[in-house]
Amino acid sequence: MTLWLRVRRARTCVAVALALAASLLLTGDLALPIPSLRVGSTLALPFAFLLPLAVATVVAYALGAGDPRAEAVACRPMRLLDTAYALAVAALALGACGLLWAADVSDTAPAAGRNALGYVGLTLLGRRLVGPHAAPILPVGFVLLTAMFGVRPGVERDWWAWPLAGASDPAAWLFAGALLLLGAAALAGTGADR
């Protein structure tokens with residue numbers, strides 16, 4: 001099992017999940033200006049909404065690190081272990097962000113933790129749709145699509161643009177959780193590695 005954890009880059013995943021929390025302390029309320037094509041000006045996208053992409057990317061890297069031919073004949077349920085591993089990394093990122101919120105040092109930490117859950121779910125779905133090495137394209141593409149088209153004049157954000165929602169929006173939490181569950185089901189299902 002220790003070899004499997006080493007192959008799955010457990011130390012790197014833990015370090016990135018904890019670095020997410022540390023980077024939230026450093027970035028504070030900084031935002032990245034992204035052109036919004038529906039508003040006609042730029043959208044100030046907080047870094048806290050973008051930083052969880054690192055967690056999703058490292059999960060994709062870790063799950064793609066093994067030898068598929070050797071793991072295909074393993075006696076352990078590799079897909080279930082990988083699914084549990086991805087869920088654990090996402091939960092660690094959420095927990096680290098939750099600690100920042102509980103310590104009252106970051107107001108955007110819960111939204112960053114929620115986005116980490118959704119982005120990991122999108123990565124797991126991307127693993128099924130486009131393969132293990134291109135899986136991070138799905139959450140990155142979705143964030144760019146959301147930033148460019150998720151806000152309309154006179155509307156704070158569209159209903160589907162959950163990464164832009166504040167931490168108190170229950171629909172955004174529902175979207176992120178549903179994506180994580182769908183991604184976990186896609187990874188645990190048959191043929192997820194083919």
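Among 146-156, 117-127, what's the highest-first ranking by average C-beta atoms within 10 angstrom per residue?
The most tightly packed comes first, giving 117-127, 146-156.
Using a 1.4 Å probe, what is the accessible area per residue for the range 2-188, in Å²?
Per residue, the range 2-188 has 49 Å² of solvent-accessible surface.
On a 0 to 90° scale, report how tilted helix 53-63 is relative to the longest principal axis of the chain, with both axes built from alpha carbons and the result rounded to the nearest 10.
10
Once amide H atoms are placed 1.01 Å from N in the peptide plane, what residues at a sequence separation of 5 or more from S36, or on another chain, have their amide H within under 5 Å of its amide H?
Residues meeting the amide H criterion: S41, T42, L43.
Run lengths n ≥ 4 of DSSP H only: what is the helix-derived mean residue ellipticity at 222 nm for the chain, with -39500 (n - 2.57) per run over all residues, to the nearest 500?
Details: 9 runs with 123 residues, N = 194.
Calculated at 222 nm, the ellipticity per residue is -20500 deg cm²/dmol.
Based only on Cα atoms, what mean projected area does the convex hull of the range 2-188 have, in nm²? Mind dumping the intermediate values first?
Numbers: hull surface 42.1 nm².
Directional mean of the projected Cα hull area for the range 2-188 stands at 10.5 nm².
Could you please state how large a percent of the accessible area of the range 2-188 is carbon and sulfur, counting protein chains only and using a 1.4 Å probe?
Within the range 2-188, the accessible surface is 71 percent carbon and sulfur.
The values are calculated or read from the model by the stated rules, or taken from the named source; none is laboratory data. Keep in mind that what you see is a predicted model, and the values were worked out from it rather than measured. All Cβ positions, even for glycine, are placed from backbone atoms using ideal geometry, and neighbour counts span all protein chains on display. For the accessible areas, the whole protein counts, side chains as well, though only heavy atoms, and no ligand, DNA or RNA atoms are used. Shrake-Rupley method; radii C 1.70, N 1.55, O 1.52, S 1.80 Å.
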